[in-house]
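K.L.:
Here it is, the structure in full.
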Amino acid sequence: MNKGVDLLAEEIVKKQFKSQGEFNSYYGESEFKKYIEDTEYSLSYLFEAIEASSPELFADYITWEKVFLVNLGIPEERLKERLEVMEDVIIKNLPPEKSNIAVRYIEGSIDNLPKPSNYTSYINEDKPLVKLLEQYLEFLLNGDRHSAGKMIIEAVDNGISVKDIYLHVFQSSLYEVGRLWQENKITVAQEHYITAATQLIMSQLYPYISNSKKTGKVLVATSVSKELHEVGVRMVADFFEMDGWNTFYLGANTPTESIIQTIISKKADLVLISATISSHIGEVMDLIRTVRRCAECRDPKIIVGGYPFNVDINLWKKVGADGQAEDAETAIEMAEKLVTEDFDRF
């Protein structure tokens with residue numbers, strides 16, 4: 001690029017509104033930097049989607065942003081204007097071989113804007129444990145993590161499996177919280193509180209999952225550098241622990257060098273890599289390339305997961321993984337296919 005994303009974003013916003021004064025008449029002076037920041041996010045998602053050869057990722061992000069902005073009171077037309085101006089600025093600043101692809105991705109996202117957004121509630125009366133899910137969310141939305149944790153422990157003591165709690169309470173509640181935040185119905189602080197409370201309650205369940213008979217297979221589970229969302233991959237690692245794997249969960253924002261050293265020292269049979277944000281797909285690609293080049297890593301199988309891989313069902317192939325898992329149960333099934341047959345030969 002001839003200009004950085006920040007400079008491109010500022011040029012887009014100023015061109016859209018002709019001047020900062022015109023912007024201020026719409027939204028106020030305090031919102032100017034925030035609007036530029038939002039435009040930077042759009043550009044980052046665009047360039048990551050191009051790097052991954054996935055127009056689906058950019059179109060999905062713009063659909064998400066449409067819902068988010070509309071719920072903040074910003075009309076959909078403003079987003080369409082921004083995308084159209086983005087095309088002009090990119091054509092002006094990038095060479096044709098890059099700008100042509102970018103314009104194609106942007107045009108596709110503009111075409112998708114009129115389509116209805118399918119962000120429905122994850123609380124469905126037909127789903128298992130829905131009453132437990134509803135009560136869990138009510139406790140946490142009211143800031144009562146102690147009652148939420150006590151209820152979960154009692155449910156497990158009364159015979160509900162930890163796996164069912166993870167899938168039908170924790171996973172569904174976090175998806176619902178994300179939807180509520182997107183629709184401006186809860187604050188960022190509430191979203192962070194519920195995520196942290198869920199992690200704490202998960203840790204209280206460890207005595208129930210750590211007694212499985214070990215198989216000898218080794219999993220290293222991680223989020224890529226810059227990725228701060230870790231609950232999903234932590235849940236999947238716990239599922240592997242319950243299935244008898246020796247699991248090494250490395251948490252969020254793990255440097256590549258540390259991941260590689262863990263794979264080597266623990267002699268990993270499987271590496272699970274999570275990314276929940278499309279703008280981190282480049283980090284996933286870089287990590288997989290590094291693992292593949294590492295002679296000491298013993299060529300472990302690699303499974304990827306997270307929201308972007310559900311948006312583009314072929315993305316796992318594009319990043320160089322061996323497979324993609326939608327949830328913890330799918331990850332276990334895939335691991336059996338990828339690892340167990342080779343493991344049993346030795």
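K.L.:
Which of the residues belonging to the stretch 238-286 are of a type in the set (Gly, Ala, Ser) and either in contact with a helix residue (DSSP H, G or I) (Cβ under 9 Å, 6 or more places away or on another chain) or part of a loop (DSSP other than H, G, I, E, B) (or both)?
P.N.:
244, 251, 252, 268, 274, 275, 278, 279, 282 - these are the residues of the stretch 238-286 that are of a type in the set (Gly, Ala, Ser) and either in contact with a helix residue (DSSP H, G or I) (Cβ under 9 Å, 6 or more places away or on another chain) or part of a loop (DSSP other than H, G, I, E, B) (or both).
K.L.:
Considering only residues that are within 14 Å of the chain's Cα centre (by Cα) and in a helix (DSSP H, G or I), look in the stretch 206-234 and name the one that is surrounded by the fewest Cβ atoms within 10 Å (Cβ to Cβ).
P.N.:
Among residues in the stretch 206-234 that are within 14 Å of the chain's Cα centre (by Cα) and in a helix (DSSP H, G or I), the one surrounded by the fewest Cβ atoms within 10 Å (Cβ to Cβ) is 231.
K.L.:
Next question. So which pairs qualify, if the first residue must be in the stretch 301-320 and touching a residue at least 60 places away in the same chain (Cβ under 8 Å), the second must be assigned to a loop (DSSP other than H, G, I, E, B) and among the acidic types (Asp, Glu), the Cβ gap must be under 9 Å, and the two must be at least 6 apart or on different chains?
P.N.:
As it stands, the answer is 305/326; 305/327; 306/227; 318/312, since those pairs meet every condition given.
K.L.:
I need a count of the residues in the stretch 146-184 that are of a type in the set (D, E, K, R) and touching a residue at least 24 places away in the same chain (Cβ under 8 Å).
P.N.:
5
K.L.:
Suppose we filter the stretch 75-93 for residues that are touching a helix residue (DSSP H, G or I) at 6+ places or on another chain (Cβ under 7 Å) and either farther than 20 Å from residue 38 by Cβ or not assigned by TED's automatic domain parsing to the domain that holds residue 23 (or both); how many remain?
P.N.:
Of the residues in that region, 1 qualify.
K.L.:
Among the residues of the stretch 38-59, is there at least one that is touching a residue at least 40 places away in the same chain (Cβ under 8 Å) and more than 16 Å from residue 102 (Cβ to Cβ)?
P.N.:
no
The values are calculated or read from the model by the stated rules, or taken from the named source; none is laboratory data. Worth saying up front: this structure is predicted, and the values here are computed from it rather than measured. All Cβ positions, even for glycine, are placed from backbone atoms using ideal geometry, and neighbour counts span all protein chains on display.
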